[in-house]
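A quick write-up on the structure given underneath.
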Amino acid sequence: MTGFDLPKELLLGSATAATQIEGGDVNCNWYAWSLAGRVGEGESSIGGAGHWDRVEEDVALLSSLHQECYRMSIEWSRIEPEPGAWSREGLAHYRRELELLVAAGIKPHVSLHHFSCPQWLQESGGWLAPDAVERFLAFARRVVEEYADLVAEWTTINEPNVLANGSYMDGDFPPGAKGDLVGYFRASRALIEAHCRAYALIHELRDARGYPEPTRVGFAHHLAVFAPKNALAAPGTALSDFLFHRVFLAGFVEGRLLPPLGLGRPFGRPGANGFFCDFIGVNYYSRHLFTACARPPFAAPGVDPEATDRSDLGWEIYPRGLFQVCEAAWKRYALPIHITENGIADAADARRGRFIVEHLAQVRRLLDSGVKVERYFHWSLMDNLEWHEGYGPRFGLVEIDYATMERRPRPSARLYAEICATKHVPEYAG
Ligand code: IFM
């Protein structure tokens, strides 16, 4: 049999986020965003993939697909539906889910913030509210105190660059501001501060309890390959790369503000390794081709017209990019890499199997080059709400029939399950 093997220490699993799959939450800012007509074509987060009522079924599904680890998020508005009021029902619900995972031998990885927040926080300014960081830390404290026995691995904040950009530059995320540079910078700074302080807090709360599994805290960074179309586009591409990737790495990993966000290291004490991360979470999807333009940052992203291999969303499928972004992060920090997301919108499931095999081949290359990759989470376990795009894009290993909420594993799910069970990646036969 040809193909290649992966080491047993590399855990393979899949990822989701609460707002995208749970359904039923009226206190979240994305529900209000749905009511405002900003999700898909009049779609709503209220349905999700019906996960809130199907936790047992979905944990059984994860088991049947031989997932070794599962990245999920905890919906802030389920835990704190009103300021300072902790929901017993919400807390008990996630405890049950986490207990089911642990009982099934699936290692949970919990994200505290994955794009959404309670509507009450949104109404007081979201990440621009004067007390946003303190509010987030109070939520983090409550969650970590509650689940420290079950969860060792934590993501503080998912894709802060995408969140700040969507909320204040593109306007697709609440509050829908467009080209608001001041808002973008202030939100980015608040996210960095929230992460750095949560890093210390999670360690302080959990390390003291002496669990055998060490606490590990990081953030999930959206890292794409930014390539210039030609020499003219090179400076603008480099500047875009700096603003979208590097500034957030410096903030979240080093606790350092770089211009234009500020200067210095204002966020207190890092961990024993000198950083505010024990691993770097990498969310990798695609490559963007930049063309020179007249407006700052003087290059605009697009898709290479010659790239024929694309997802349903038109994103270029570029497996080598996974190697490039992970290797660059490793060279800079030598921190373990957790691939916290990697996946494809592919309703017909025509390309997902190959996508998985080709991206895992890059993981093999990374390991062979000495890069410490410890986790790979495929995005996503199941079809879900692709934020402002609605339910159209199908990222799931498992198809969701939204009329009945029936779960139907796609052929790629079977292939990936076999890989997870055997740690052998077969040559892709189509
Ligand atoms: O669905 C999103 C996820 O919430 C964050 N990372 C990218 C995914 C696909 O766009």
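What follows draws every value from the coordinates through simple rules; no lab data is involved. Because the structure is a prediction, the values reported are computed rather than measured. Backbone-built Cβ (ideal geometry, glycine too); neighbour counts: all protein chains shown.
Comparing L205, L322, L128 in a Gaussian network model of the chain, where Cα atoms under 10 Å apart are tied by springs, the biggest mean-square fluctuation is seen for L205. Cut-off 10 angstrom, C-alpha nodes, Gaussian network model of the chain. Which of E399, E145, E341 fluctuates the most? Taking springs between Cα atoms under 10 Å, the residue moving most is E145.
Dipole orientation for segment 270-403: of the candidates A299, G274, F395, G274 has the Cα lying most toward the positive pole (charges on Cβ; Lys, Arg +1; Asp, Glu -1).
Entry note, the chain: the mean residue ellipticity at 222 nm calculated from DSSP H runs of n ≥ 4, each adding -39500 (n - 2.57), is -10500 deg cm²/dmol after division by the residues and rounding to the nearest 500.
List, in the order given, every pair from K229/K331; K107/K331; K107/K423 whose Cα-Cα distance in the structure shown is over 22 Å. Listed pairs above 22 Å: K229/K331; K107/K331. Helices that extend 30 Å or more along their long axis by alpha-carbon positions and average at least -1.0 on the Kyte-Doolittle scale are, among the DSSP H runs of the chain, 181-207. Here the chain is treated with +1 on each Lys and Arg Cβ and -1 on each Asp and Glu Cβ, and its dipole about the Cα centre works out to around 1300 debye.
The local environment of R265, defined by Cβ-Cβ distances under 15 Å, has a net charge of +2 under the rule Lys, Arg +1 and Asp, Glu -1. Charged side chains reduced to their Cβ positions (Lys and Arg at +1, Asp and Glu at -1) give segment 48-192 a dipole of some 320 debye around its Cα centre. The packing ranking, built from the mean of other Cβ atoms within 10 Å per residue, places the peptides 66-76, 224-234 in the order 66-76, 224-234, highest first.
Ranked by Cβ crowding within 10 angstrom, fewest neighbours first, how are C277, C326 ordered? Intermediate results must be reported in sequence, preceding the final value.
On the way: C277 28, C326 24.
Lowest count first: C326, C277.
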